[in-house]
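Notes follow the structure.
Values quoted throughout were computed directly from the atomic coordinates according to the rules given, and no laboratory measurement underlies them. All of these numbers come straight from a predicted model, not from anything done at the bench.
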Amino acid sequence: MLFLVAALLLLGTVLGTAAFVPLPVTAAGATAIAAWLLVFAARERLARRRRRCQH
């Protein structure tokens, strides 16, 4: 959960600076955050499936 909060704070920072940096830099940052969140969601889903199968 703490990692999710950190990701949202980072996203807010990136969006706040989006007006001051070039579009490619903003797009790269947004892509990196989106990829990190997708990996996090996939890991959580796999962990949940593993817990169900063991019980």
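On the principal axes of its alpha carbon atoms, the chain extends 52, 19, 8 Å, with the longest extent given first. Residues considered: Leu37, Leu23, Leu15. Largest GNM mean-square fluctuation over the chain, using C-alpha springs under 10 Å, is found at Leu23.
Please find, in a Gaussian network model of the chain (springs between Cα atoms separated by less than 10 Å), the residue of Ala27, Ala35, Ala19 whose mean-square fluctuation is greatest. Among Ala27, Ala35, Ala19, the largest mean-square fluctuation in the Gaussian network model of the chain belongs to Ala19.
Helix 2-17 and the longest principal axis of the Cα set of the chain meet at an angle near 20°. In order along the range 23-37, the Karplus-derived 3J(HN,Hα) couplings, from 6.51 cos²θ - 1.76 cosθ + 1.60 at θ = phi - 60°, round to 4, x, 5, 4, 5, 5, x, 5, 5, 5, 5, 4, 5, 4, 5 Hz, and Gly and Pro are given as x.
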